[in-house]
Each structure stands twice: as structure tokens, then as C-alpha cells.
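Okay, so here's the structure we're looking at.
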Amino acid sequence: MKTLADIGEDELIHRLVAGLKLDRSVIIGPGDDCAVVKAPAKAGERLLLKTDTVVEGVHFTTETPPKLIGRKAMARVISDFAAMAGTPCHALVTLIAPPQTPVKRVLAVYAGLREMAEAHGVNIVGGETSRGEQLILTVSLTGTVGEKSWIARSTAKAGDLLLVTGQLGGSIKGKHLRFEPRVAEARWLTENLPVRAMMDLSDGLAKDLPRLADASGLGFELWAPDIPITPGCTLEQALGDGEDYELLLAVSPKMKASMMHQWHCFSPKVPLTVIGQLLPLDGKSTNKLKGGWEHFR
């Protein structure tokens, strides 16, 4: 079985980029010193930028199917674009791997990257390769969002309801490798509900909800019995497992009940659940929860 050391960097790059699907926004793709792409074409659009890394031993193991590694690396970044109600466009991929890594494994990783990218209209326009002690993938992504339609974490108000898509908990059972970024769902929600703040749940509700509340200078009340829990999981796992990649939203309390029915018609397989409320930060509320993923602990 050939390894990366056998074929070298130039041949590896040639194999990785062969047959990449690129749309008309790409002027120069992989192979030059920089990629060249067209600027946002619509008046009033803003540019979004995001980078994310997955590391062997942290985000996946040596036994993880390589295609799912690539899929996850791309999906994580796309999920961040969903959290801002944006549209992803162009990606740069940095691959670090030990020289003894089988070429077949790396090609399968890249197949997962490409499959997820193509599903969301993302062009892989370049990147970098290097040797290292373990497999590491970094995906940098650009995209667009309307100047008046992007959603931040810091714009929630006291009284806003807290909603979450999907079900929480169970990432260790494989959910973290097969989740679907909620891009279409985010677009529908921000167009049809009075959404004031939003983020994706990457480190667990127990870690991310306090981040959203803190960004807006608020506390919160969490209605634990209403939290949608993945079958077979506990409330503790729903709060702290992390890597759910569902959307957490702060929505005006003026939201109409009919809007939930409209959501069900739009996305019958993805629940949308009210799980609490944001409150003024005083002695009656909190902005802390125990649990969640912490990289340096």
C-alpha cells in the first residue's frame, strides 16, 4: 500500500484536486499561489469568514472511517455559517499528516470533504499540505450574508424565548460524524420568525447557552423537562455531550403559535422546541451551567 512518503506532495495534491467541481465564481482555483474568486455580486451583501480545525485524538480517532473525518471537518464550518444565517461559498483546506499515512486514507478523507462541500454549493479553491505527528484538517471558509439579515449572539433581549432545533446528546455514538448543518433551516427561521440572536451548539448546551446569554449581558431560565433529548441519552448528556451542531435561538416572545405549525410543515423531521427564556441578569437568574466541552481542560 502506497504512503504519502512514496508519492510526495505534488502527486498528492494532483490526486486531491483532480475533478474538483467549481462554479463560475472561481476564476483561478487550486494550483496557483492564490485562488482568485469573484467578489460578492449583490449590493448589500457582506462577507463572512470562518476557520475550524479537527485533530486526530480530539475530534476523531485512528479508527474513524476517513470519509467521515473529511465530512465532519467541512460540516463544522458550514454549521457556523448557518448560525449567522449566511451562505458558504469558497473553502481552503489545510491537510497535515504523518508521511507513513496511506494515500488511500487521505483520498477518502478528501472525498468526505468534497461530498459535503458539493452538497452545500461550496467550492474548494486551494489550501496547503504538510507533514506532522498526527492527522489534522483545517477548513477556512468564506461566504456571504445580507447586510441586514446576519444574526449575532449578542443581540438578544430580556424576555426572549430560547429555542433549539433537533435533539441533543449522543455525539459519542456517532452523531458528531453524521450531522447535517442547519443551513436551510437557519434561513427559514430567520425569514419567518422574529429571531434576535442565534448560534450553533458545538460544545454542548451547558457551555453554549451561557455564551449566548453573556454576549447579550443577560441571564436565563432553562426549562429542563422541555429539552429535546436524543433517544437513549440522559438530560446530563443532552446538556454536556457537545457536538450536536443544532441551532440555539433567542426569539421575541411576540412569536405567534402559528409560526411553530409553519415550521413543522417546512421541516417535519426536525423538531423546534422552546426550552427556556432569557432574563435580566439579577439575583433571580443565572448565566452559568455545569458541563459542556472545554478544549483546555
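Quick note: the coordinates plus some simple rules give every number you see, no bench work behind them. Keep in mind it's a predicted model, so treat the numbers as computed, not measured. All Cβ positions, glycine included, derive from the backbone under ideal geometry; neighbour counts span all protein chains shown.
Here are the numbers for the structure shown:
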{"read-out": "Table column - 3J(HN,Hα) (Hz), segment 234-244, Karplus curve with 6.51, -1.76, 1.60, x for Gly and Pro", "value": "9, 4, 4, 5, 4, 7, x, 4, x, 6, 7"}
{"read-out": "Value at 222 nm in deg cm²/dmol, rounded to 500, when DSSP H runs of n ≥ 4 in the chain each add -39,500 (n - 2.57)", "value": "-9000 deg cm²/dmol"}
{"read-out": "Neighbour-count ranking [beta-carbon atoms within 10 angstrom, fewest first] of 148, 207, 38", "value": "148, 38, 207"}
{"read-out": "Rounded to whole Hz, the Karplus (6.51, -1.76, 1.60) HN-Hα couplings of segment 129-135, x for glycine and proline", "value": "10, 7, 8, x, 7, 8, 6"}
{"read-out": "Using a Förster distance of 30 Å, the FRET efficiency for residue 147-residue 259 (Cβ separation, nearest 0.05)", "value": "0.75"}
{"read-out": "Rg/Rh (Cα only; Kirkwood hydrodynamic radius) as it applies to segment 161-280", "value": "0.94"}
{"read-out": "C-alpha long axis of helix 4-17 to longest principal axis of the chain, angle in °", "value": "60"}
{"read-out": "Cα-based helix-to-principal-axis angle, 257-266 vs the chain, degrees rounded to 10", "value": "20"}
{"read-out": "Helix 103-119 axis, angle to the chain major axis (alpha carbon atoms, nearest 10°)", "value": "50"}
{"read-out": "The chain, relative contact order in percent, only Cα pairs under 8 angstrom and at least six apart counted", "value": "22"}
{"read-out": "Order of 151, 136, 172 under a 10 Å beta carbon neighbour criterion, fewest first", "value": "172, 136, 151"}
{"read-out": "Gaussian network model of the chain, Cα within-10 Å springs - most flexible of 198, 259, 84", "value": "259"}
{"read-out": "Amide proton proximity set for residue 129, modelled H, under 5 Å, gap of 5+", "value": "95"}
{"read-out": "Antiparallel %, DSSP beta bridges [both residues in segment 4-146], to 5", "value": "70"}
{"read-out": "Longest to shortest principal axis, alpha-carbon extents of the chain, angstrom", "value": "63, 45, 34"}
{"read-out": "Cα-centred dipole magnitude for segment 4-146, charges only on beta-carbon of K, R (+1) and D, E (-1), debye, nearest 20", "value": "520"}
{"read-out": "Relative contact order %, segment 4-146, counting alpha carbon pairs below 8 Å whose residues are six or more apart", "value": "38"}
{"read-out": "Among 224-235, 71-82, the order from most to least packed when residues are scored by Cβ within 10 Å on average", "value": "71-82, 224-235"}
{"read-out": "Relative contact order (%) - criterion: Cα under 8 Å, at least six apart; region: segment 6-72", "value": "13"}
{"read-out": "Segment 1-68-segment 72-145 distance, computed between alpha-carbon centres (Å)", "value": "5"}
{"read-out": "P(r) weight above 28 Å for segment 4-146, C-alpha pairs, percent", "value": "16"}
{"read-out": "Long-range lysine pairs (8 or more apart or interchain), segment 161-280, Cα under 30 Å", "value": "9"}
